[in-house]
Amino acid sequence: MRLSPRHPRYRSLVTRALLADRVRSGLVVPEGLIAHGRGEAFDYLLGERTIPSARRATRVAAQWLRAARRPVVSVNGNVAALAAREVARLERALPGLGVEVNLFHRSPRRARLVERELRAAGVRTVLGVRPTARLPRLPSDRARVDQRGIAVADVCLVPLEDGDRTEALRALGKRVISVDLNPLSRTSRAADLPIVDELVRALTNLAHDLRSPRGNPAAGRFLPFDAAGALQDAEATIARNLRKRVRPPPGRPRR
Ligand code: PTJ
């Protein structure tokens, strides 16, 4: 199908077409389309832009990743399809960053497809293709991790995650940075540092912040972050935007 760039929602249509195509190749699971639709709905409510509190969260996330001894970013099918280039930029901006495949719907073939997508985008080292360790108390395949990556990480960046693993990672004493447009999700609620923003925007800002010369923080010294405040701000933004929409246009009484 040909998409017209003049369509008011052209970019959204292009993204959907890309994801549908990646479902056909097996990189993305059909459930990934549902997850994307949910994300789009929240992005709509947030105004389809990075809200200031999310921008601040991303700056603190960059500091945490620099201060980490072993930072890792976890990549699933949706993330590989939408943001492989941005993940490669993160790796270039922070050479110690581990990039690990982690799938909810895991199969050896999908893990290899994610690896291939990441390598084609320029990622040099891809962990987790053949898992070598297991996170305790997590029944899903997300528990299968790399002994050189998430298993030993102190800071985990987990875009489009599920709440269970966020909680499991925290229970192991790891700091979790999430990227999720839904401020009500269990992931956003459980993360130490929730970034309520769209994946590509958030990772682009993060790579920019990692490149900005701000000196190297001492290992293990993390700036404080008010996670509850960030979530409240995202919810308040949604509520404000909804109020704007439901207010009747001037001169026209609401029926
Ligand atoms: O590739 P797999 O097998 O690991 O599966 C990946 C999915 C995404 C299917 C799996 O992790 C899943 O089911 O995720 P959930 O539980 O639906 O959660 C995804 C969350 O990401 C939801 O809260 C969405 O609002 C959010 N989300 C979706 N798209 C975006 C997003 N957040 C930021 N940017 C997006 N583009």
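The values are calculated or read from the model by the stated rules, or taken from the named source; none is laboratory data. All values reported here derive from a predicted model rather than from experimental measurement. Quick reminder, even Gly has a Cβ in these numbers, built from the backbone with ideal geometry, and neighbours come from all protein chains shown. Surface accessibility is based on the protein's heavy atoms, side chains included, excluding ligands, DNA and RNA. Shrake-Rupley method; radii C 1.70, N 1.55, O 1.52, S 1.80 Å.
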Arrange the peptides 102-112, 64-74, 8-18, 202-212 so that the one whose residues have, on average, the most other Cβ atoms within 10 Å appears first. 64-74, 202-212, 102-112, 8-18
Using the per-residue mean of other Cβ atoms lying within 10 Å as a proxy for protection, in what order, highest first, do the peptides 79-88, 180-189 fall? 79-88, 180-189
About the Cα centre, charge dipole magnitude for the chain (Lys/Arg +1, Asp/Glu -1 at Cβ), debye: 620
Mean shadow area of the range 141-209 over all directions, Cα convex hull, nm²: 4.6
Can you compute the radius of gyration and Dmax for the range 103-176, using only the Cα atoms, both in Å? 12.2, 34
Would you be so kind as to identify all helices of the chain, as entire DSSP H runs, whose Cα atoms reach 20 Å or more along the helix's own axis and whose mean Kyte-Doolittle hydropathy is at least -1.0? 10-25, 30-46, 52-67, 77-93, 227-246
If you average the C-alpha positions of the range 1-35 and of the range 135-157 separately, how far apart do those two centres end up, in angstrom? 30
Of the options 37, 84, 68, report the single residue whose Cα projects farthest towards the positive end of the charge dipole of the range 1-99 (beta-carbon charges: Lys, Arg +1; Asp, Glu -1). 68
For the chain, one quarter of the surface area of the C-alpha convex hull, expressed in nm², comes to 15.8
Run the numbers on the chain and let me know its relative contact order in percent, using alpha-carbon pairs under 8 Å that are six or more apart. 23
Accessible-area order for 167, 100, largest to smallest, probe 1.4 angstrom, reads 167, 100
Taking the Cα centre of the range 175-232 as the origin and placing charges on Cβ (Lys, Arg +1; Asp, Glu -1), which of 194, 212, 227 is farthest toward the positive end of the dipole? 212
Quick one: the Cα spread of the range 21-150 along its three principal axes, in angstroms, biggest first? 39, 37, 34
